[in-house]
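Can you keep this structure in mind? I'll have questions shortly.
The values are calculated or read from the model by the stated rules, or taken from the named source; none is laboratory data. Everything numeric here is computed off the predicted structure, so don't read it as measured data. All Cβ positions, glycine included, derive from the backbone under ideal geometry; neighbour counts span all protein chains shown. Heavy atoms of the whole protein, side chains included, go into the accessibility calculation; ligands, DNA and RNA do not. Shrake-Rupley method; radii C 1.70, N 1.55, O 1.52, S 1.80 Å.
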Amino acid sequence: MKQALFQPLQLGRYTLVNRIVMPPMTRSRATQPGNEANDIMATYYAQRASAGLIVAEGTQISAMGQGYAWTPGIYTQAQIDGWKKTTTAVHAKGGVIFAQLWHVGRVTHPDNIGGAQPISSSAIKAENVKVFVDNGKAEPGFVDVVEPRAMTKDDIKQVIGEYRQAALNAIEAGFDGIELHAANGYLINQFIDSGANNRTDEYGGSVDNRLRFLADVVEAVVDAIGADRVGVRLAPFTSLNGTVDANPVETYTAAAALLNQYNIVYLHIAEVDWDDAPETPLSFKQAVRAAFKGVLIYAGKYDAEKAEQTLNDGLADMIGFGRPFVANPDLPDRIKHGYSWAEHDPATLFGGAEKGLTDYPEYAK
């Protein structure tokens, strides 16, 4: 029995039954056309509602925000109604679920955004990055991203408004709150990391300037739905989708302090999780803990022992288990009783239907 993982926790207005998070994972099952959440997605999340907190998969805030084929949106009424199926099913099982709001910026292709040129902080192409397209002309598959155009002040204003509206839409859809996706090389991250941002206005240059877009978006969504329903996900040390910061410790410690000023309910840090990945420096975790007073979540290659230790050391309040949740719908029960974890089938992670999504069984006692 892992004691710390099964302590209840107050997250804003919600009392969570444990410290286990199902983090956002793209599964590419949205109904086409329309990119609408559907019944099989509702079943999938409801099966996993014993997590203390579910953060649903990345959900684009606009047609321009879409990076990959078959991912869900939350900017049309049909998309809002589609997500209501999921939130209703999760709540019926006693779960708490946040929506992850997503704009990919430059990590897309014109085929995924109606033929438009992608937008970003700067006109810098993400190198060696591919995205999945389904353009109706050939077999769906991966293509190289293209060079984006730098966002104008009007573009910035418009996208901030889209985040605000998406947060309101998420609450209308029944979500308990939202997580801003500011990690893994997507739009907000393209402003934060020095290697992706060469702007010379107030949104580029110094750390404070590169954090300004994040601050503006956080301010807008907090104003719309309340700080106690807003979380933010950051990825300080990943180089995913081509974004790299020259001084991540300085930049992301400053980000944690900034987010603390807005009183957001949680900060969710994605650690590097590929094989042979470096550990997140302990000194950085201590600095973040000192800077941010809300609920702190870490995710990335945790097993039950490492999770328990991290909670006991006071470095985090909750731990996210990503891929283990794919094949183990009853993961909290398996952790509690020391049952073995099933392995997921990588071939069914993206696209398809029920197979590899809702057909993983609970542990056979």
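Just to be sure I understand, how many residues within region 74-83 are aromatic (F, W, Y) and either assigned to a loop (DSSP other than H, G, I, E, B) or more than 17 Å from the chain's Cα centre (by Cα) (or both)?
Total satisfying the criteria: 1.
Quick one: how many residues across region 292-302 are at pLDDT below 95 and either charged (D, E, K, R) or in contact with a Cys (Cβ under 9 Å, 6 or more places away or on another chain) (or both)?
1
In region 259-271, which residue that is over 14 Å from the mean Cα position of the chain (by Cα) and open to solvent by less than 30 Å² (accessible area, probe 1.4 Å) is farthest from I178 (Cα to Cα)?
L259
Check whether at least one residue in region 122-129 is assigned to a helix (DSSP H, G or I) and open to solvent by less than 20 Å² (accessible area, probe 1.4 Å), and report yes or no.
no
Could you give me the residue pairs with C-beta distances under 6 Å whose first residue belongs to region 136-148 and is within 17 Å of P118 (Cα to Cα), whose second residue is surrounded by 11 or more Cβ atoms within 10 Å (Cβ to Cβ) and hydroxyl-bearing (S, T, Y) wherever it lies, and which are 6+ apart or on separate chains?
P148/S120
Return yes when M22 is at pLDDT below 95, closer than 27 Å to A316 by Cα and among the hydrophobic types (A, V, I, L, M, F, W, C) and no when it is not. Talk me through it step by step, then tell me what you get.
On the way: at pLDDT below 95: no; closer than 27 Å to A316 by Cα: yes; among the hydrophobic types (A, V, I, L, M, F, W, C): yes.
No, not satisfied.
Quickly run through region 124-140 and pick out the residues that are closer than 16 Å to G242 by Cβ and basic (K, R).
Scanning region 124-140 gives K125, K130.
Only one of these is open to solvent by less than 40 Å² (accessible area, probe 1.4 Å), in a helix (DSSP H, G or I) and in contact (Cβ under 8 Å) with a residue 12 or more places away in the chain: T71, T86, T59, T43. Name it. Give the derivation first.
Working: T71 fails: in a helix (DSSP H, G or I); T59 fails: in a helix (DSSP H, G or I); T43 fails: open to solvent by less than 40 Å² (accessible area, probe 1.4 Å).
Step by step, each of T71, T86, T59, T43 is checked, and only T86 is open to solvent by less than 40 Å² (accessible area, probe 1.4 Å), in a helix (DSSP H, G or I) and in contact (Cβ under 8 Å) with a residue 12 or more places away in the chain.
Another question about this same structure. Only one of N247, N260 is over 17 Å from A299 (Cβ atoms) and touching a Lys or Arg at 6+ places or on another chain (Cβ under 6 Å). Can you tell me which?
N260
Can you pull out the residues in region 282-310 that are touching a residue at least 60 places away in the same chain (Cβ under 8 Å) and open to solvent by less than 20 Å² (accessible area, probe 1.4 Å)?
V295, I297, A299, A304, A307
Going residue by residue through region 163-180, is there one that turns out to be among the acidic types (D, E), within 17 Å of the chain's Cα centre (by Cα) and crowded, with 24+ Cβ neighbours inside 10 Å?
yes
Any residue in region 205-228 that is within 19 Å of Y266 (Cα to Cα) and assigned to a helix (DSSP H, G or I) sitting within a Cβ distance under 9 Å of a residue that is open to solvent by 30 Å² or more (accessible area, probe 1.4 Å) and among the hydroxyl-bearing types (S, T, Y)? List the pairs, counting only those 6 or more apart or interchain.
A215/Y262; V218/Y262; E219/Y262; V222/Y262; A227/Y262; D228/Y14
If I filter region 322-339 for residues that are among the hydroxyl-bearing types (S, T, Y) and open to solvent by less than 20 Å² (accessible area, probe 1.4 Å), do I get at least one hit?
No, that holds for no residue.
What number of residues within region 133-151 satisfy the criterion of being part of a strand (DSSP E or B) and open to solvent by 40 Å² or more (accessible area, probe 1.4 Å)?
Matching residues across region 133-151 total 5.
For region 299-344, which fully contained helices (runs of 4 or more DSSP H) count at least 1 residues that are over 21 Å from I97 (Cα atoms)? Walk me through it before giving the result.
Working: elements: 304-312, 323-327, 331-337.
Of the helices (runs of 4 or more DSSP H) lying wholly inside region 299-344, those with at least 1 residues that are over 21 Å from I97 (Cα atoms) span 304-312, 331-337.
Right, next: Within the group I160, I178, which residue is within 25 Å of Y266 (Cα to Cα), assigned to a strand (DSSP E or B) and β-branched (V, I, T)?
Answer to the check: I178.
Across region 46-56, which residue is nearest to K84 (Cα to Cα) among those that are open to solvent by 10 Å² or more (accessible area, probe 1.4 Å) and not in a loop (DSSP other than H, G, I, E, B)?
Going through the qualifying residues, I end up with A46.
Just checking, which of E202, E250, E279 is assigned to a helix (DSSP H, G or I), open to solvent by 10 Å² or more (accessible area, probe 1.4 Å) and either within 30 Å of K125 (Cα to Cα) or out of contact with any helix residue (DSSP H, G or I) (no Cβ under 9 Å at 6 or more places or on another chain) (or both)?
E250
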